[in-house]
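> The structure under discussion is supplied below as structure tokens; questions concerning it will follow.
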Amino acid sequence: MYKKQELRIQIQAALLTVIAMLISDFLYAQHQAKDSIIKKSKPDSIQFHPLEEIVVSGKRISFRNNSATPVQVLSGRELQNINSMSVADAIRYFSGVQLKDYGGVGGLKTINVRSMGTNHSAVFYDGIQLGNAQNGQVDLGKFSLENLEEISLYNGQKSSIFQPVKGFASGSSLYLTTKFPAFDSVERDHAAVSFKTGSFGLLNPALNWSHKITQKLSGTLSAEWLQANGRYKFRYTNGVYDTVATRSNSDIEAYRLEAGINGIEKDSSGWNARIYYYNSERGLPGAVVSNKFDYTQRQWDRNFFVQTSYKKNLNRYSFLLNAKYGNDYTRYTDPEYITTSGYLDNRYKQQEFYLSMANRYTISSWWNIAFSADYQWNKLDADIYRFAYPKRNTVLTALASEWKFKRFDLQANILGTFVNDKTETYTAAGNKEAFTPAVLFSWQPFAVSNLRIRGFYKKIFRLPTFNDLYYTYIGNVNLNPEYATQYDLGISYTKSFNSPVIKYLLAQADGYYNHVKDKIVAIPGSNLFRWTMYNLGKVSITGLDLNMQAGWQITRQINLSTSIAYTWQQALDVTGGDNYGHQIPYIPVNSGSFIANAQWNAFSLNYSFIYTGERYSQKTNIQASHLEPWYTHDISAGYELKVKSDTLKLIAEVNNLANQYYDVISNFPMPGRSFRIIIRYNI
């Protein structure tokens, strides 16, 4: 029976691949037919991120006012100005985002967008998804900002029909874009060296280097080492007395190596290849419960992948090829858990192979169509008694079309998901297949282009992960897949001014409703490696996201930029029973952030504020599970000076200025006030 199922999925994959190749060959032949009616659009850049721009006082402010889905962007200098070390720190400033942070430099950090869960949020690295078939969670604390040019978050999906199918296959998408080397006619090398140190024994040197090989070929190298003892003060109470203790077993040592090569061709075509390696050892501090403060569990992670992408524009026809191989290793030890062969020492090995082809064809000046097909293979091994040893074949297809009129854009796509699981022991979850649609629109109601109304409808399907289904201790092969339906209606406004005070204003507001059926919820146990999985039933999510950015000219020498984000959200369990109408765990009704950056000649001053309202740690909203609101104030000051043709920047940061004690996840205390010094030298 299993052989027949596997043969069936392989036949499907082969047929879809052949179809994609036939369509590619047909469209390639058609590109030679000249059509003078077709109006050529501005070529995409090699990074595949077309932007509209406003230029204010010589500075470039990037935004995507023409997107049919809400998008939030942090790029360039903005990423350097905020008090952030990793991607996880940076995305806290986006609206509609809950960052699950288990504390400290080495604590696990995952993203939850609009209460749909971590597994509905895909993370892309230079356009290719970061996978984790084992638990579906990408630890954003691993990814440094040192070699990133941009972080962008799309609700629903990126507003483009020309992308891999993975781009259609999630409820939201976080895109991490590495720095792309740019040289003038005489430059051949760029380099940036940075060093961070501060509280909790932090030592963090990093190097980024890019080299122009030829006019159309360049290479990059990025290396980073991180060490911290993770010891910080926190407040604990058992209801009778309060005490201040020191967090233990939260140390981390990690290093990252990346190398890439980029090629540019005519008509904005191009290719790139990247190799990535990350290795870490960290302590797992565990939950502070029942007067237990000390833990001895440890975890080792080794992540390796190599990926490549090739894009070609041929007049009416364009195609995009992506390929990736990933190999991940995790080791977990628990000296407190004694087995017949000694203390617990588990090792997991995960492999992934991914291949994708996207095709786009321009029928006329106002009509484009696209067909994409992805194939992914995953395998998980472990040295655990009676482990399932699961393998998964996944085929994704997407047929999409877009219609662009003078002031109205419309997109539609249908996503096909075909999954086959096979295990060596126990019963596999079997075959799964689903077809899910999406419709997006963007409307400019007036002749001026600075106001747009947008909206989307999307239905999405997500499968339980290997851990959800097969994990030896808590896996549940009977878990149901999640089906989520998303609705969004919003407005965006952009305006530049000649005023001596305000220079630009960017604003967007979105109301949304999400309905999730058979929501899979993961709640941590006594430490970060043991979880409890269950289907919550039905969840109804209603929310409002508000974002506003503004630029100010305070004096001739002083520029000020401000950004504010706010989210109101009700994420209610509507399954029925005693918990009907209760807010689901860890979702605040109110949350928001504020950022201000002032520039005066070579000096900069930054302030950021993050607020998270009251929440509940369990699905039953009672006083025992109630979590108080928390907020943090962060400030930093920087000075930049020229050293001949180079640049030296010194930055001093104070995080959690008010020294507030708080938990993002119940019983996993966060650090209080901390300091950081950064030295960055650009050559």
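Taken together, the values in this text are just the output of simple stated rules run on the coordinates, not laboratory data. This is a predicted model, so every value here is computed, not measured. Glycine gets a Cβ as well: all are built from the backbone with ideal geometry, and neighbour counts include every protein chain shown.
> Per-residue HN-Hα couplings for the range 415-432, Karplus 6.51 cos²θ - 1.76 cosθ + 1.60 at θ = phi - 60°, whole Hz, x for Gly and Pro?
Going residue by residue, I get 9, x, 10, 10, 10, 10, 9, 9, 10, 8, 10, 6, 9, 6, 6, x, 7, 9 Hz, with x marking Gly and Pro.
> Among 211, 226, 170, pick out the residue whose Cα is farthest towards the positive end of the charge dipole of the range 146-229, where Lys and Arg carry +1 and Asp and Glu carry -1 on C-beta, about the Cα centre.
170
> Note down the magnitude of the dipole of the chain about its Cα centre, charges +1 on Lys and Arg C-beta and -1 on Asp and Glu C-beta and zero elsewhere, to the nearest 20 debye.
Working: 71 positive and 55 negative charges, 270 e Å.
My answer is approximately 1300 debye.
> Moving to a separate point now. Compare the Cα positions of 245, 550, 469 along the charge dipole of the chain (+1 at Cβ of Lys, Arg; -1 at Cβ of Asp, Glu; about the Cα centre) and return the one farthest towards the positive end.
Going by the charge dipole, the pick is 550.
> Also, I was wondering about something else. Distance between Cα centroids, the range 475-520 to the range 164-197: provide it in whole Å.
What the calculation gives is 24 Å, centre to centre.
> Calculated FRET efficiency, residue 296 and residue 225, Cβ-Cβ r, R0 25 Å, to nearest 0.05? Could the numbers behind the result be given before it?
On the way: r = 25 Å, r/R0 = 1.00.
For residue 296 and residue 225, the calculated efficiency is 0.50.
> Also, I was wondering about something else. Along the charge dipole of the chain, which of 317, 441, 592 sits closest to the positive end, that is, farthest toward it, with unit charges on the beta carbon of Lys, Arg, Asp and Glu (+1, +1, -1, -1)?
Farthest towards the positive end: 317.
> What's the magnitude of the charge dipole for the range 574-683 around its Cα centre, counting Lys and Arg as +1 and Asp and Glu as -1 at the beta-carbon? Answer in Debye, nearest 20. Mind dumping the intermediate values first?
Working: 8 positive and 8 negative charges, 92 e Å.
Charge dipole, the range 574-683, about its Cα centre: 440 debye, nearest 20.
> Still on this structure: Using a basic spin-label model with each label point 7 Å from the Cα along Cα→Cβ, how many nm lie between residue 338 and residue 304?
Placing both labels 7 Å along Cα→Cβ, they lie 3.7 nm apart.
> Which pairs break 25 Å Cα to Cα here: 109/495; 311/379; 142/233? Intermediate values should be presented prior to the final figure.
On the way: 109/495 36 Å; 311/379 29 Å; 142/233 23 Å.
Over 25 Å apart, Cα to Cα: 109/495; 311/379.
> Please give the peptides 346-359, 403-416 ranked by average Cβ packing (other Cβ atoms within 10 Å per residue), highest first, as a rough proxy for protection.
Working: 346-359: 19.4, 403-416: 16.5.
Answer by packing, highest mean first, reads 346-359, 403-416.
> I've got another one for you. Rounded to whole Hz and in sequence order, give me ³J(HN,Hα) for the range 305-319 from the Karplus expression 6.51 cos²θ - 1.76 cosθ + 1.60, θ = phi - 60°, writing x for Gly and Pro.
8, 10, 9, 8, 9, 9, 10, 9, 10, 10, 6, 6, 10, 9, 9
> Let me ask another. Multiplying the sequence separation of residue 149 and residue 384 by 0.36 nm and subtracting their Cα-Cα distance, what value in nm do you get?
Details: separation 235, 0.36 × 235 = 84.60 nm, distance 4.10 nm.
Full extension from residue 149 to residue 384 adds 80.5 nm.
> May I ask you to compute the full-extension gain from residue 623 to residue 377, defined as 0.36 nm times their residue separation minus their alpha-carbon distance, rounded to one decimal in nm? Show your work: numbers first, answer last.
Numbers: separation 246, 0.36 × 246 = 88.56 nm, distance 4.54 nm.
Between residue 623 and residue 377, full extension yields 84.0 nm more.
> In this model, which of 216/644; 100/406; 216/406; 404/517 are farther than 32 Å apart at the alpha-carbon? Spell out each step's value before the answer.
Working: 216/644 28 Å; 100/406 43 Å; 216/406 36 Å; 404/517 34 Å.
The answer is 100/406; 216/406; 404/517.
> Quote to one decimal, in nm, the extra length available between residue 213 and residue 496 on full extension: 0.36 nm per residue of separation minus the C-alpha distance between them. Walk me through the intermediate numbers first.
On the way: separation 283, 0.36 × 283 = 101.88 nm, distance 3.97 nm.
Taking residue 213 through residue 496 to full extension adds about 97.9 nm, to one decimal.
> On to the next question. Report ³J(HN,Hα) in whole Hz for each residue of the range 597-605, in order, from the Karplus equation J = 6.51 cos²θ - 1.76 cosθ + 1.60 where θ = phi - 60°; Gly and Pro get x.
So the J values, rounded to whole Hz, are 10, 10, 10, 9, 6, 8, 9, 9, 9.
> If I model a spin label as a point 7 Å beyond the Cα along the Cα-Cβ vector, how far apart are those points for residue 245 and residue 552 in nm?
4.4 nm
> Ok, one more. Is the chain best put as rounded, prolate or oblate by its Cα gyration tensor, with a ≥ b ≥ c the root eigenvalues, rounded for a/c under 1.5, and otherwise prolate when a/b is larger than b/c, oblate when not? If you can, show how the numbers build up before the last one.
On the way: a/c = 1.38, a/b = 1.08, b/c = 1.28.
Since a/c stays below 1.5, the shape of the chain is classed as rounded.
> Let me ask another. Evaluate the distance, in nm, between pseudo-label points positioned 7 Å from the Cα of residue 279 and of residue 643 along their respective Cα→Cβ axes.
Going by the 7 Å Cα→Cβ label model, 3.0 nm.
> Now, a different point. Leaving out same-chain residues fewer than 8 places away, which aspartates and glutamates sit with a Cα under 20 Å from that of residue 538?
Within reach: 468, 482, 488, 518, 573, 578.
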